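Provided herewith is a single structure, encoded as structure tokens, for subsequent inquiry.
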Amino acid sequence: MSDATGLAAGGAAADGAAGAVKARVRRPPPAAGWRRRVLSVPALVLLGVLLLVGGALLQNRRSKRADALCHQLQVPWTEFALVYAALVCGVAALAVCGLLFWKARREGRRGVDSWQGSLAFVISVPGGLAALFEATAVYALHAEAGEGYWRCTGAGALPAAQVLASVLLG
């Protein structure tokens, strides 16, 4: 019965001792250059998130100034630059991770066999979510730049919205 199970699992029982040794041989980890390049994935994800936070802080400061002046201010080019740079970093991190793992797979190696590859893979999963937030921030920034209607903070906003905004924005 164990021979039939071995044959169904890949034929290790049919090959005998040579098949058992072959099944235990691990593929070597990717080369040192690959391991250095794959560390750019966590760096790009972190840079994208930091740029997005910088854009949010800049937008918050501009919003407070506009509320104090009680009129709409133009969206500065620096805010566009920060949000677009964050999106480029987020998408580039996912692209670099995908390409490097694809290259390792073509070489017959597994990218997650090294700690650098595992770290890049683990970071790229929330990096995908961060890229979605960055894309949403780009959309929201363009929507805000094209918005013609402006209302001051004290001009009849819902009290619950004011409380939520004060809690979220500190």
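The values are calculated or read from the model by the stated rules, or taken from the named source; none is laboratory data. Not measured: the values here are computed from a predicted model. FYI the Cβ positions are ideal-geometry reconstructions off the backbone, even for glycines, and counts take in every protein chain you see. For the accessible areas, the whole protein counts, side chains as well, though only heavy atoms, and no ligand, DNA or RNA atoms are used. Shrake-Rupley method; radii C 1.70, N 1.55, O 1.52, S 1.80 Å.
Considering only region 122-143, state which residues are in contact (Cβ under 8 Å) with a residue 60 or more places away in the chain and not small (Gly, Ala, Ser).
Ile123, Pro126, Phe133, Glu134, Leu141
Another one. Can you find, within region 95-128, the residue that is modelled with the lowest pLDDT among those that are under 15 Å from Arg36 (Cβ atoms) and open to solvent by less than 30 Å² (accessible area, probe 1.4 Å)?
That would be Gly111.
I would also like to ask the following. Residues in region 57-86 that are within 15 Å of Ala143 (Cα to Cα), hydrophobic (A, V, I, L, M, F, W, C) and open to solvent by 40 Å² or more (accessible area, probe 1.4 Å): how many? Lay out the reasoning, then the answer.
Initial filter on region 57-86 (within 15 Å of Ala143 (Cα to Cα)): 59, 63, 72-77, 79-80, 83-84.
With hydrophobic (A, V, I, L, M, F, W, C) added as a condition, the list becomes 73, 75, 77, 80, 83.
Those still in the list that are open to solvent by 40 Å² or more (accessible area, probe 1.4 Å) too: 77, 80.
Summing the residues that are within 15 Å of Ala143 (Cα to Cα), hydrophobic (A, V, I, L, M, F, W, C) and open to solvent by 40 Å² or more (accessible area, probe 1.4 Å) in region 57-86 gives 2.
Residues that are aliphatic (A, V, I, L, M), modelled with pLDDT under 85 and not in a helix (DSSP H, G or I): does region 22-39 have at least one?
yes
If a residue has to be surrounded by fewer than 22 Cβ atoms within 10 Å (Cβ to Cβ) and not charged (D, E, K, R) to count, how many in region 29-51 make the cut?
Of the residues in region 29-51, 13 are surrounded by fewer than 22 Cβ atoms within 10 Å (Cβ to Cβ) and not charged (D, E, K, R).
Same structure, new question: Just for region 129-155: of the residues that are modelled with pLDDT of 90 or more and among the β-branched types (Val, Ile, Thr), which one is least open to solvent (accessible area, probe 1.4 Å)?
Val138
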